[in-house]
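Quick one: the structure is below, and I'll ask about it shortly.
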């Protein structure tokens, strides 16, 4: 179905492409990028989990192979749900630090508190809050004049966008090795352009030169810590043009131009 927004930024979870056309809804940034994104990290994680589950999940005597496979899949789903819950909790704790009033701290898993505290991520959060000077907003919905919308983790000033990622950081050559993926820059560039209310794709590429856009990884694995990357202008501009191309492809595939400037 995708993720949709009304032009005033209200989220719509009940809509599909038919309703979107009828009501002039806007697709989310992630929905648009879904036409080209290859979720390699998730696929790789699920492959690793499948291998680990077959190594640790005991077989049952006379259990048919398909029944064992089904148990492995259920175990993997349970593990993914647990991991996602911890990551979501870490994300919420970052928002709480930055002033969000929409988080129920009592519902955050204990494991999330441990990962958050061990990561020392508040060093980065404090820097963001100081740079924002009291104007920062968490979970802000931004609507682009070009016909898309999305919800960004933290932003301020119309040109500063930061994203929080929980990650099961692995070890490489004896030390923690967080993975910063270039496709994150596509999403963040689109948010920055929407935040700045830029109306033209070429002007948008120029606008990115003044933006402060970055990602912070908080580890949920035994390799605890946090790492920051401010995306270069080159990475953002490349990400922006990839997003623009994906949006054009999305319009053709869905026969719908939410900006109203193209009849398909």
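Quick grid of which residues meet (1) part of a loop (DSSP other than H, G, I, E, B); (2) within 20 Å of residue 141 (Cβ to Cβ):
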{"position": "171", "(1), (2)": "no, no"}
{"position": "180", "(1), (2)": "yes, no"}
{"position": "193", "(1), (2)": "no, yes"}
{"position": "204", "(1), (2)": "no, yes"}
{"position": "218", "(1), (2)": "no, no"}
{"position": "227", "(1), (2)": "no, no"}
{"position": "235", "(1), (2)": "no, no"}
{"position": "238", "(1), (2)": "no, no"}
{"position": "244", "(1), (2)": "no, no"}
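Conditions tested, residue by residue: (1) free of Cβ contacts under 8 Å to residues at least 40 places away in the same chain; (2) touching a helix residue (DSSP H, G or I) at 6+ places or on another chain (Cβ under 7 Å).
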{"position": "79", "(1), (2)": "yes, yes"}
{"position": "85", "(1), (2)": "yes, no"}
{"position": "95", "(1), (2)": "no, no"}
{"position": "101", "(1), (2)": "yes, no"}
{"position": "105", "(1), (2)": "yes, yes"}
{"position": "110", "(1), (2)": "yes, no"}
{"position": "115", "(1), (2)": "no, yes"}
{"position": "119", "(1), (2)": "no, no"}
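A further question follows. Picking from 90, 72, which residue would you name as being in a helix (DSSP H, G or I) and touching a strand residue (DSSP E or B) at 6+ places or on another chain (Cβ under 7 Å)?
Checking each option against the conditions leaves just 90.
Condition first: over 19 Å from the mean Cα position of the chain (by Cα) and under 26 Å from residue 90 (Cβ atoms). Can you find one or more residues in region 161-168 that meet it?
The answer is no; no qualifying residue exists.
Here's a follow-up. Within region 194-203, work out how many residues are in contact with a helix residue (DSSP H, G or I) (Cβ under 6 Å, 6 or more places away or on another chain) and free of Cβ contacts under 8 Å to residues at least 40 places away in the same chain. Write out each step before concluding.
Our first condition is that a residue be in contact with a helix residue (DSSP H, G or I) (Cβ under 6 Å, 6 or more places away or on another chain); within region 194-203, this holds for 196, 198, 201.
Still in the running and free of Cβ contacts under 8 Å to residues at least 40 places away in the same chain: 196.
Of the residues in that region, 1 qualify.
Could you list, in sequence order, the residues of region 163-193 that are out of contact with any helix residue (DSSP H, G or I) (no Cβ under 9 Å at 6 or more places or on another chain) and farther than 18 Å from residue 37 by Cβ?
Result: 169, 170, 171, 172, 173, 174, 175, 176, 177, 178.
Further, regarding this structure: Could you tell me which residue of region 20-40 is modelled with the lowest pLDDT, considering only residues that are in a helix (DSSP H, G or I) and surrounded by fewer than 14 Cβ atoms within 10 Å (Cβ to Cβ)?
Going through the qualifying residues, I end up with 40.
Applying the selection to region 205-215, what residues are in contact (Cβ under 8 Å) with a residue 60 or more places away in the chain and crowded, with 23+ Cβ neighbours inside 10 Å?
At the first step, the residues of region 205-215 found to be in contact (Cβ under 8 Å) with a residue 60 or more places away in the chain are 212.
Matches in region 205-215: none.
So residue 131 clears everything in (1) more than 20 Å from the chain's Cα centre (by Cα); (2) part of a loop (DSSP other than H, G, I, E, B) except one condition, right? Which one?
(2)
Among the residues of region 134-149 satisfying the criterion of being under 19 Å from the mean Cα position of the chain (by Cα) and either without any contact (Cβ under 8 Å) to a residue 40 or more places away in the chain or surrounded by fewer than 20 Cβ atoms within 10 Å (Cβ to Cβ) (or both), which is nearest to residue 24 (Cα to Cα)? It would help to see each step written out before you state the result.
If we filter region 134-149 for residues that are under 19 Å from the mean Cα position of the chain (by Cα), which is where we start, we get 136-144, 148-149.
Keeping just the survivors that are either without any contact (Cβ under 8 Å) to a residue 40 or more places away in the chain or surrounded by fewer than 20 Cβ atoms within 10 Å (Cβ to Cβ) (or both) gives 136-137, 139-141, 143.
On the way: 136: 30, 137: 27, 139: 23, 140: 21, 141: 17, 143: 13 Å.
Only one residue fits best here, namely 143.
Hey, residue 106 hits all of (1) outside any loop (DSSP other than H, G, I, E, B); (2) within 24 Å of residue 240 (Cβ to Cβ) but one; which does it fall short on?
(2)
Right, another one. I need the full set of residues from region 217-241 which are under 30 Å from residue 117 (Cα atoms), in contact with a helix residue (DSSP H, G or I) (Cβ under 8 Å, 6 or more places away or on another chain) and surrounded by fewer than 22 Cβ atoms within 10 Å (Cβ to Cβ), in order please.
224, 225, 228, listed by residue number.
The values are calculated or read from the model by the stated rules, or taken from the named source; none is laboratory data. Computed from a predicted model, the values in this text were never measured in an experiment. Don't worry about glycine lacking a Cβ; one is built from the backbone with ideal geometry, like all the others, and counts go over all protein chains shown.
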